[in-house]
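Report on the following structure.
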Number of protein chains: 2
Amino acid sequence: MAMEEFRVLNEKSLREYIKATPSLASKLGNQLDNLEIKEVGDGNLNFVYIVISPSGSLVIKQAVPYVRCIGESWPMTKERSYFEATALKRQHGLSPKHVPEVYHFDRTMSLIGMRYVEPPHIILRKGLIAGVEYPLLAEHMAEFMANTLFYTSLLYLTTTEHKSAVAEFCANVELCRLTEQVVFSDPYRISEYNHWTSPYLDSDAEAVRNDKILKLEVAELKSKFCENTQALIHGDLHTGSVMATHSSTQVIDPEFAFYGPMGFDVGAFIGNLFLAYFSQDGHADQGNDRKAYKAWIMDTAADTWNLFHKKFTSLWDIHKDGPGEAYLHEIYNNAELWELVKQKYMINLFHDSLGFAAAKMIRRIVGVAHVEDLESISDPIKRADCERRALDFAKMLLKKRRNFNTINEVISAAQ
Amino acid sequence: MAMEEFRVLNEKSLREYIKATPSLASKLGNQLDNLEIKEVGDGNLNFVYIVISPSGSLVIKQAVPYVRCIGESWPMTKERSYFEATALKRQHGLSPKHVPEVYHFDRTMSLIGMRYVEPPHIILRKGLIAGVEYPLLAEHMAEFMANTLFYTSLLYLTTTEHKSAVAEFCANVELCRLTEQVVFSDPYRISEYNHWTSPYLDSDAEAVRNDKILKLEVAELKSKFCENTQALIHGDLHTGSVMATHSSTQVIDPEFAFYGPMGFDVGAFIGNLFLAYFSQDGHADQGNDRKAYKAWIMDTAADTWNLFHKKFTSLWDIHKDGPGEAYLHEIYNNAELWELVKQKYMINLFHDSLGFAAAKMIRRIVGVAHVEDLESISDPIKRADCERRALDFAKMLLKKRRNFNTINEVISAAQ
Ligand SMILES: Nc1ncnc2c1ncn2[C@@H]1O[C@H](COP(=O)(O)OP(=O)(O)O)[C@@H](O)[C@H]1O
Ligand SMILES: Nc1ncnc2c1ncn2[C@@H]1O[C@H](COP(=O)(O)OP(=O)(O)O)[C@@H](O)[C@H]1O
Ligand SMILES: [Mg+2]
Ligand SMILES: [Mg+2]
Ligand SMILES: [Mg+2]
Ligand SMILES: [Mg+2]
Ligand SMILES: [Mg+2]
């Protein structure tokens, strides 16, 4: 079916669309008469359909020209779908075990056909709320981040390749602007979109708006977000963009992708683990005090950074005389210097990651979009208590991040 | 004359070209029969013609698809002319008194027609070698840099405008790569292009290649150059890109322009003043020990930074609730916080500027392209002596730049 104009699909028209699209039909074994189609989009922005035939399955994601959870009153370019498809393909190429394959992309329709990440995969955030342990999560996320960030940075790319990719993703500016607003601006000013557990956190929210040092620090992070084209980042790497089982981890939803600071991804993931950690007391009950689970979360945060560090620097070692142009082998081939170079790079990345982790935590407590980890704590006093501890920790982390040398020091400070 | 294909012009074909181009002919009062045409290109890359008629004048600059001073064996995109024209127009718009007006641009021919910066203007570097004082130089350069850098940064632009401009200038990557090679790489490795005053500086050049901390620091600057899209920078702001009289200062030749770190421009200019300073002993003679002139150069370096600081921050104050999205007025409107924000921004910019100044000095002593200030010292022992002092100062500055809080401290260290 030649789609000449964008239109929002429903289950019925999606059926027609699939029939007319060989790359999708074939993934369903061309058995298209009794397709089971279910809209499952629980995200903020887009429509997501699971499509199942007797001999195959896939997922269709369609972007609409507005923010789904708000409606047409908040317009948002559907071109985000192009950047999501482009990033998904690139990330699948770099980390095939942890990113679903793209089967089909239709730019006019802002429509992506991709692998169905089938049950028992669930959204990681839901697993963290339920208290499920994922023994391979840290390993897998470290692998995803090390591969996608290393290979799109100047540690691996020539400046020619890098600048051309930077230019392409500059056009994803509307999504960057959404992040700029909701992460780096709104929490630090009065905004109609902000909310928090009121009245308990009223003075905490006000304190964020009046904290000069905090605002100075968040400005530095915002500048990095807006000006530093370090690597192709996912851009929205919270625990709601990860689907997991005990043995598999899949990263979805990179519509915010662009060339930005690596620490924004690493920080998003670790910051959301910290949010999960601080929410556990709200989910504890007589049968389960969640103590062991809290320890598992923190071990996972530590392992994520430490394994990421290991994998990233070992990719760098492997490719030290590869195409990357940041540190030319002829110049940095002295063993002692090579160690110094890596140490300096990684400690800067660590501090960036902690800063972005903190900024992401703060915005989930006093900004527009909260996280289910905390929102699902029904007793507001209990919730406010968890949130205040998370907020106080995040504020400290944002201001003092440069004083931490290891992730274990950070974790001790949280406990 | 419709030019359908690129061809390198000579004086004869340039005459025809002008006759066929109304925007050029009119600047010459349409008196085209006895045009006086002189090729004056003394730069490394391009051809420059001065064209004079009885009732007007102009300059024609044409890029060729190679590096002029080397020849066709070193190819270089002639598209640089497009970025030069685009930057010239933007910079003329932002600092009209200090940038020649563009009359005409022909992308196919890589040809720019612009105002003739007429005598007594001379290239500043030549004036500095001759010992000429320019009382308004610091004021004018500060004005040029403050205006062109401030208005193209996120202190004034929205992120939408900024990202779109960043993307456009990403295509000037070949020129960026030339800088990456000759400023940030070649001086720190063995390269067929490097040269220095041999044998006197042999061990100094070797020491640069073996200096681990220096190489660690230069890598940080290279990363900023490649990844930080802070503002539209000139990209080649040495004293050979400035034409001056006692009362006028004109900045030409922005073919290296792209969105990069502001400190690269500020540092290029100040670093070249420092090179002029260190070369003075080589130009001293019995009639003139150049002592007073050395003091004037250093005063000019100090005034340049201090006036730049003043103008830049005052533009920022004036536009504090303007379109710029880095520091939103609602968030940073507290007077004490506002001062903190500016202090932090400016000290970072200062340290960047010192670092780039140092890198630019080093590359002019042990890299491929040297400066006439030093090259024109005919006695090699004298020259090597000046060069070594410049080099030692630059190495110290690159490593210790963060210890300096004011430009006067830097100048004391140089003396
Ligand atoms: N490939 C997939 N396989 C299975 N479920 C998916 C897939 N992609 C998305 N989903 C489901 O749809 C939800 C919303 O998808 P997501 O890409 O996060 O959309 P949004 O951009 O609107 O946040 C996810 O939380 C997940 O439950
Ligand atoms: N607009 C102008 N007016 C007068 N002279 C100019 C002008 N532009 C260039 N020149 C002369 O031509 C020389 C080379 O120009 P420049 O733009 O620096 O070329 P290149 O890119 O090859 O370095 C300058 O040093 C200056 O002497
Ligand atoms: Mg999502
Ligand atoms: Mg999304
Ligand atoms: Mg020049
Ligand atoms: Mg030059
Ligand atoms: Mg030039």
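Of the peptides A:67-78, B:393-404, the order by per-residue mean of other Cβ atoms within 10 Å, starting with the highest, comes out as B:393-404, A:67-78.
Diagonalising the gyration tensor over the Cα atoms of segment B:182-281 and scaling each eigenvalue by 5 before taking the square root yields semi-axes of 26, 20, 11 Å, largest first.
Temperature 10 °C, viscosity 1.306 mPa s: under these conditions the Stokes-Einstein estimate for segment B:33-72, based on its Kirkwood radius over C-alpha pairs, is 144 µm² per second.
Over segment A:1-103, what is the mean sequence separation of C-alpha contacts under 8 Å (at least six apart), divided by residue count, expressed as relative contact order in percent? The partial results should precede the final answer.
Details: 139 pairs, mean separation 17.1, N = 103.
Reported relative contact order: 17 percent.
In the protein assembly as shown, taking the dipole from charged Cβ atoms about the Cα centre, the farthest positive-side position among B:Ala357, B:Phe256, A:Leu337 is held by A:Leu337. Placing +1 on each Lys and Arg Cβ and -1 on each Asp and Glu Cβ, with no other charges, gives chain A a dipole about its Cα centre of roughly 280 debye. Note: relative contact order over chain A, using C-alpha pairs below 8 Å and six or more positions apart, is 18 percent.
Note that segment B:156-167 has calculated 3J(HN,Hα) couplings of 10, 8, 6, 5, 5, 5, 4, 4, 5, 5, 4, 4 Hz, one per residue in order, obtained from phi through the Karplus relation 6.51 cos²θ - 1.76 cosθ + 1.60 (θ = phi - 60°); glycine and proline are x.
Binning the C-alpha pair distances of segment B:350-413 at 10 Å intervals from 0 yields a P(r) profile of 22, 49, 25, 4 %, listed from the shortest bin outward.
Remark: the protein assembly as shown carries a charge dipole of roughly 400 debye about the Cα centre, counting +1 on each Lys and Arg Cβ and -1 on each Asp and Glu Cβ.
Set against the 2.2 N^0.38 Å expectation for a compact globular protein, chain B has a Cα radius of gyration ratio of 0.99. What separates the Cα centres of segment A:51-82 and segment B:262-321 is a distance of 56 Å.
Ordering B:90-103, A:212-225, A:79-92 by mean Cβ neighbour count within 10 Å, with the highest value first, yields A:79-92, A:212-225, B:90-103.
Decide, for segment A:65-146, between rounded, prolate and oblate: order the square roots of the alpha carbon gyration tensor eigenvalues as a ≥ b ≥ c, take rounded if a/c falls under 1.5, and otherwise choose prolate if a/b is larger than b/c, else oblate. Numbers along the way, then the final one.
Numbers: a/c = 2.32, a/b = 1.43, b/c = 1.62.
The shape class here is oblate.
Each of A:Val251, A:Val64 has some number of other Cβ atoms within 10 Å of its Cβ, and from fewest to most they run A:Val64, A:Val251. When chain A is turned onto chain B, the axis of that turn runs closest to one Cβ of chain A, and that residue with its distance in whole Å is A:Ala167, 2.
Just check segment A:107-218 against the gyration tensor rule for me: Cα atoms, a ≥ b ≥ c as the square roots of the eigenvalues, rounded for a/c under 1.5, and otherwise prolate or oblate depending on whether a/b exceeds b/c. In terms of gyration-tensor shape, oblate.
For the options B:Asn288, B:Asn46, B:Asn272, a Gaussian network treatment of chain B with springs between C-alpha atoms closer than 10 Å singles out B:Asn288 as fluctuating the most.
For the set A:Lys78/A:Lys360; A:Lys222/A:Lys400; A:Lys126/A:Lys291; A:Lys395/B:Lys212; B:Lys126/B:Lys382; A:Lys342/B:Lys224, the pairs lying more than 26 angstrom apart at their alpha carbons are A:Lys395/B:Lys212. Both radii are taken from the alpha-carbon atoms of segment A:308-415; with Rh as the Kirkwood radius, Rg/Rh is 1.15. A point 7 Å from Cα along Cα→Cβ stands in for A:Asp202, and the other copies hold the same point at 8.0 nm, listed in rising order. Using the Karplus relation 6.51 cos²θ - 1.76 cosθ + 1.60 with θ = phi - 60°, the per-residue 3J(HN,Hα) values for segment B:245-255 come to 10, 4, 10, 9, 9, 10, 9, 10, 6, x, 5 Hz, with x marking Gly and Pro. Given axes a ≥ b ≥ c from the Cα gyration tensor, I'd like to know whether segment A:250-357 is rounded (a/c under 1.5), prolate (a/b larger than b/c) or oblate. The shape class here is prolate. A dipole drawn for segment B:1-121 from +1 and -1 charges on Cβ atoms has a positive end, and of B:Ile60, B:Val117, B:Phe47 the residue lying farthest that way is B:Val117. For B:Lys27, a cut-off of 22 angstrom between C-alpha atoms picks up these lysines, skipping any fewer than 8 places away in its own chain: B:Lys12, B:Lys19, B:Lys38, B:Lys61, B:Lys89, B:Lys97.
With Kirkwood's inverse mean 1/r over C-alpha pairs for Rh, give me the Rg to Rh ratio of the protein assembly as shown, two decimals please. So for the protein assembly as shown, dividing Rg by the Kirkwood Rh gives 1.01. Other protein chain C-beta atoms within 10 Å of residue C-beta, averaged over B:164-175: 4. Ascending distances from the B:Asn403 label point to its copies in the other chains, with the point 7 Å along the Cα-to-beta-carbon line: 2.6 nm. When the charge dipole of the protein assembly as shown is built from unit charges on Cβ atoms (+1 for Lys and Arg, -1 for Asp and Glu) and taken about the Cα centre, the candidate among B:Leu88, B:Gly240, A:Leu397 whose Cα reaches farthest toward its positive end is A:Leu397.
Helical runs assigned H by DSSP (4 residues or longer) give chain B a calculated mean residue ellipticity at 222 nm of -16000 deg cm²/dmol, each run adding -39500 (n - 2.57) before division by the residue total. Using the Stokes-Einstein relation with a Kirkwood hydrodynamic radius computed over Cα pairs, the translational diffusion coefficient of segment A:107-153 at 4 °C and a viscosity of 1.567 mPa s comes to 96 µm²/s.
We did not get these values from a lab; they are worked out from the coordinates using the rules stated. Just so it is clear, the structure is predicted and the values come from calculations on it, not from any experiment. Counting neighbours? That spans all protein chains shown, and the Cβs are built from the backbone with ideal geometry, glycine included.
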